[in-house]
Amino acid sequence: MNDMESALARALADAASRAPKAPTDLMNRVDLRYHGYRRRRGATGVVAALAVVAVAGGSTVALRGLAANPADGVRPADGTIAAVASGGAMPPENRRADKLPPPVQEVWPRAVREIPAKLPDGKAFQPRLLVDDDTLLITTEASFEKADRLLTYDLATGSTKEVARIVTPAGAVLFPSDFTVGSGRIAWWTAKKDGGALTADIWTVPVEGGTPEVLGSIALPDPDSEHIDGLAVTGDSVIVSTRAAGVWKLPFTGGEPRRIEGTEGYHLVQWPWLGTPDQYARDKSAETAAPPTSEARSGARDQPKEAVFARLRNAETGEERETAPLPAGGSWLCGLTWCAGNTADHGVVARHHDGTGERRLPGLFSFNMIGLDRFAIAGLPAFKGVALIDLETGKSADLGVRRDSDGSMSIPTINRADSRLLAYPLDGKQMIVDLSAIS
Amino acid sequence: MPGCPRLSCVEDDYERFVGERADALLRYGYLLTGNPHDAADLVQEGLVRLRGAWSRVRRKHDPERYVRTTMTRLHVNIWRLRRREQLSWDLPEEPVTDVHDDGSVWKVLETLPKKQRAVLVLRYYEDLSDAEIAEIMGISRGTVRSQASRALDKLRATELASLESTR
């Protein structure tokens, strides 16, 4: 080794000694990512294309990292890595990896219904939303994620009634999504590619039945990064939220869709409230803002990452709401009242926009949406299950989901802030949780 | 392990591996990426992939090499493409210490292309032979050598320049 090479080896060894330590809840994080990865791969196929890593051959080399540091990472071998943590504000019992909250049926009996996973004719279906206390809107599928019929399902009797046949236009790249109800109408969208651009068609049909019609179309210039990320039906129009082109209004009376003024960068949270930034914009700005030198980067990290939807605006009144400064090092998502996130001390932490009313719960907060302004999903410690948590009361309930025999787990999600329905399959049944029945 | 159901034994093994090797993997990720965030991300992704392949990799008795190979190739080839797909769980950030010295070698490493840097880390930190590096990175030995020599040239040039400027 020449001098240059020796200096390099020293510099590397020196830097290695200052490398970060493994987080105490690493196993939880890996679990969450593993399950999320499987779920997304199953749902969209997007991630599958990236799984290209080959296995190395069976060579046996003593890596220096191994030999030089025999005492590394000594941890109990019973898998309770999370329990070794010290510091942090979580009470010790919350760190215990083996304690599950009571089942959701016990915690909120009035809110939970179990229905068969298939219709009497043997067809599978997707619960989409609750039209009222006893009526579920469902779709059946012609093929994977391609809805062909829209039906109402009577939760009391199990009977169904067809609302509409759904047509997926030729050339559609995104099948019917985001079924939404309001003002006696059901709305959804499909998307097709026109040349290089993506066009989203917004469909509506009366709740009592009829033939779906396209209310209007929105051209989305960048098909790779564009997407419809929210839909709401108001008294006189359908509101359409896009990932990068603002929020649009499509009146029932027809006419050109128009973008609501000043909504660039904003997204639908819960109509009439819009929020910014979304997760994409936040992560992007965090990446571009990261200064190039390590020293400056370390300074930047002391700055908290902005919460998703840290800034809210009421599209009808113009009222604005801004989240109080958040603690550094955390990662947060806000609804209208609550902001929730994970902090380094192994728990879900939630507080009001103004910083008051802080609450801590065990688990890892799922970055879906905060449902009805108070409900969230959290992975339970050691990923033994998934909890529905009520930020308002601090109660949490085990949704009953467990790993399959291959270790995978489907995680129920709250995809919309304004939907009262949380639905997920469990043990051959379909679980229907009416969030609005939880008081 | 007699008397323990097969699946949970496999999982225990996996968790033990993670518990024992996580810090070493993080050090490797840190040297590879130069920053603690990417290091943590890379280690987690490597462990996720390992988990999917655990029963297969375990039979070959070298899970650590599997993870390092995964991390190296992800980092060099396709890293950052994946980030957008990781949105549904936004994981907590750890308070970490970053490098504050102005070690010129470390700084120059930051300016190297990912592939060159990875070759240097494998050669001068992990002490691997060019053949082993070639295998991990999925490139030829000739490429390992040329990447290493280009990287060393750059280090040398920068070092000379800094000597000149302090003279």
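Of note:
- Residues located in region B:101-128, provided they are at pLDDT 95 or above and of a type in the set (Val, Ile, Thr): B:119, B:121
- Counting only strands (runs of 3 or more DSSP E) wholly contained in region A:143-184, the ones carrying 2 or more residues that are at pLDDT 75 or above and within 24 Å of the chain's Cα centre (by Cα) occupy A:172-182.
- So residue A:404, is it modelled with pLDDT of 85 or more, open to solvent by 10 Å² or more (accessible area, probe 1.4 Å) and among the acidic types (Asp, Glu): no
- On the stretch given as region A:1-35, residues that are part of a helix (DSSP H, G or I), crowded, with 20+ Cβ neighbours inside 10 Å and more than 8 Å from chain B (Cβ to nearest Cβ) total 3.
- Selection count, region B:120-138, where residues are open to solvent by 30 Å² or more (accessible area, probe 1.4 Å) and either within 7 Å of another protein chain (Cβ to nearest Cβ) or part of a loop (DSSP other than H, G, I, E, B) (or both): 5
Yes/no per residue for (1) in contact with a Phe, Trp or Tyr (Cβ under 8 Å, 6 or more places away or on another chain); (2) small (Gly, Ala, Ser); (3) closer than 11 Å to residue A:309 by Cα; (4) part of a strand (DSSP E or B):
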| site | (1), (2), (3), (4) |
| --- | --- |
| A:250 | no, no, no, yes |
| A:262 | no, yes, no, no |
| A:269 | yes, no, yes, yes |
| A:274 | yes, no, yes, yes |
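- Residue in region B:28-47 that is surrounded by 16 or more Cβ atoms within 10 Å (Cβ to Cβ), modelled with pLDDT under 80, more than 7 Å from chain A (Cβ to nearest Cβ) and part of a helix (DSSP H, G or I) present: yes
The values are calculated or read from the model by the stated rules, or taken from the named source; none is laboratory data. As the structure is a computational prediction, the values presented were derived from the model and not from experiment. As a convention, Cβ positions derive from the backbone with ideal geometry for all residues, glycine included, and neighbour counts pool all protein chains shown. Heavy atoms of the whole protein, side chains included, go into the accessibility calculation; ligands, DNA and RNA do not. Shrake-Rupley method; radii C 1.70, N 1.55, O 1.52, S 1.80 Å.
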